[in-house]
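Here is the structure we will look at.
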Amino acid sequence: MTTFQPAAIPGEAPPPDSVAPRDSKPDAPTSVARLNDTIKGFVQNWGVVWIEGEITQWNLRGGNVFGRIKDLVTDSAISFRLWSSTRDRIPNDLKVGDHIIACVKADYFVKTGDFTFTISAMRHVGLGDQLEKLERLRAQLRSEGLFDPARKKPIPFLPHLIGLITGENSDAEKDVHRNAELRWPQVRFRTKHAAVQGDRCVPETIAALKAMDADPDVDVIVIARGGGDPQSLLGFSDERLLRAVAAASTPVVSAIGHENDHPLLDDVADLRASTPTDAAKRIVPDVAEQRSLVGQLRARLTSRLTHRVNHDIAQLEQLRSRPVLRAPETLLTTRSHEVYVLAGRGRERIDRALDVAHRQTAELRATLRALSPASTLARGYAIAHLADGVIVRDAAQAPSGTPVVVTVGEGSFAARSDGPIDEVSPT
């Protein structure tokens, strides 16, 4: 502790360094250095203290850790420093949200007037209450299917109107507007401001979300905040807000915090953007990129069409150069000769078949003629018929006076029987 030597001059105000803080008054103020030195001496008398709480901030810089520890019940919190030499002796898996017990010693820096605590020991007790509640809620929502990728709605390629819910005059609002307009200058926004932390965060965000969702002109809704410690982001893990986002018919983009922040809204939203800037890049296409893409596609289309036309022209030239197309009558000449040969072969086969049939018919006619009664009659024989057509086979069938018809080789004639006659035996 610095020792101050008062050097008061009679009739004049004492030097500030010579006045103790408890003796200061308007005409005899103390100095800042003496006040800070007095505070430092008072703080050093506290010694070490064991505390229980939850880590809400853990920033690693140059091997040292600078963070905050929050009370488990109230909103009270302290800042702490954890030097690299001490960090090597504590668990290496400590992180934001851990429930811990720590040995702290108050430290007051007289140059800056900063008050903090130096950590000499720290160990796990278990998950902090808040983190434990969030994990239980995360498991419940996952079991209900609110994290299922199948239920997430697609983001339109080029939204005509973007609904933005963010803090008033926030850097997140400026980042989204600036990056979106750089990518597509004609993009339009409809912005509703809401508290992004504290007790008003959830109800105001839900009200803005419902108003945006009811507007048919809004194609996509972005909920943006520029990061922060886990304590300030708790509103974006509130079950009421998460269920409102899941029930919205308009696609919702979560742009809360930085890359390492992960509120439950990121899991329920239709798209998670790591930062507000990332949200603008993911929902608004880059006009320069699209023009370049259109140019590339047009060039590829022109190249393919040119190649196809050239290929078809080459094929047409090949077809035109073939002999059959140069002199198409040769094809007809060849085919006509084949038809002539086949026709002649057919005629020969038909003629042979007719000759064979004629011979077979003549043979059958001769056989039939040989077996016919007409040939017998031609040799001089005759057939006698009674009036009823019965052939006379016995002379007794034609008694005297019986009319008969006699058929000879050439015609028939009528006769009358004189009755049977005696047969004359040949001598």
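The values are calculated or read from the model by the stated rules, or taken from the named source; none is laboratory data. This is a predicted model, so every value here is computed, not measured. Glycine also receives a Cβ, built like all others from the backbone with ideal geometry; neighbour counts cover every protein chain displayed.
Here are some conditions: (1) in contact with a strand residue (DSSP E or B) (Cβ under 6 Å, 6 or more places away or on another chain); (2) surrounded by fewer than 17 Cβ atoms within 10 Å (Cβ to Cβ); (3) of a type in the set (Gly, Ala, Ser). Ala247 meets all but one. Which one does it not meet? Condition not satisfied by Ala247: (1). The single condition among (1) hydrophobic (A, V, I, L, M, F, W, C); (2) assigned to a strand (DSSP E or B); (3) under 23 Å from Arg138 (Cα atoms) that Phe189 does not meet is (3).
Criterion first (crowded, with 20+ Cβ neighbours inside 10 Å and closer than 29 Å to Asp286 by Cβ) does Ser237 satisfy it? No, not satisfied. For the stretch 260-272, the criterion of a residue being loosely packed, with under 12 Cβ neighbours inside 10 Å and free of Cβ contacts under 8 Å to residues at least 60 places away in the same chain is satisfied by at least one position. Out of the residues in the stretch 69-110 meeting the condition of being touching a residue at least 40 places away in the same chain (Cβ under 8 Å) and of a type in the set (Lys, Arg), tell me which one is farthest from Ser31 (Cα to Cα). For the stretch 69-110, the residue satisfying everything is Lys95.
None of Arg136, Arg183 is charged (D, E, K, R) and without any contact (Cβ under 8 Å) to a residue 60 or more places away in the chain except Arg136.
Taking the conditions exactly as written (hydrophobic (A, V, I, L, M, F, W, C) and over 29 Å from Leu233 (Cα atoms)), does Val104 satisfy them or not? Against the criterion (hydrophobic (A, V, I, L, M, F, W, C) and over 29 Å from Leu233 (Cα atoms)), Val104 does not qualify.
Within the stretch 136-154, being touching a helix residue (DSSP H, G or I) at 6+ places or on another chain (Cβ under 7 Å) and either closer than 18 Å to Leu271 by Cβ or assigned to a loop (DSSP other than H, G, I, E, B) (or both) holds for Leu141, Gly145, Leu146, Phe147. Taking the stretch 201-228 only, how many residues are surrounded by 20 or more Cβ atoms within 10 Å (Cβ to Cβ) and outside any helix (DSSP H, G or I)? Adding up the residues that qualify gives 8.
Only one of the numbered conditions (1) at pLDDT below 90; (2) in contact with a Leu (Cβ under 7 Å, 6 or more places away or on another chain) is violated by Ile165, and that is (1).
Across the stretch 390-416, the number of residues qualifying as among the polar types (S, T, N, Q) and either over 20 Å from Ser375 (Cβ atoms) or under 60 Å from the mean Cα position of the chain (by Cα) (or both) comes to 3.
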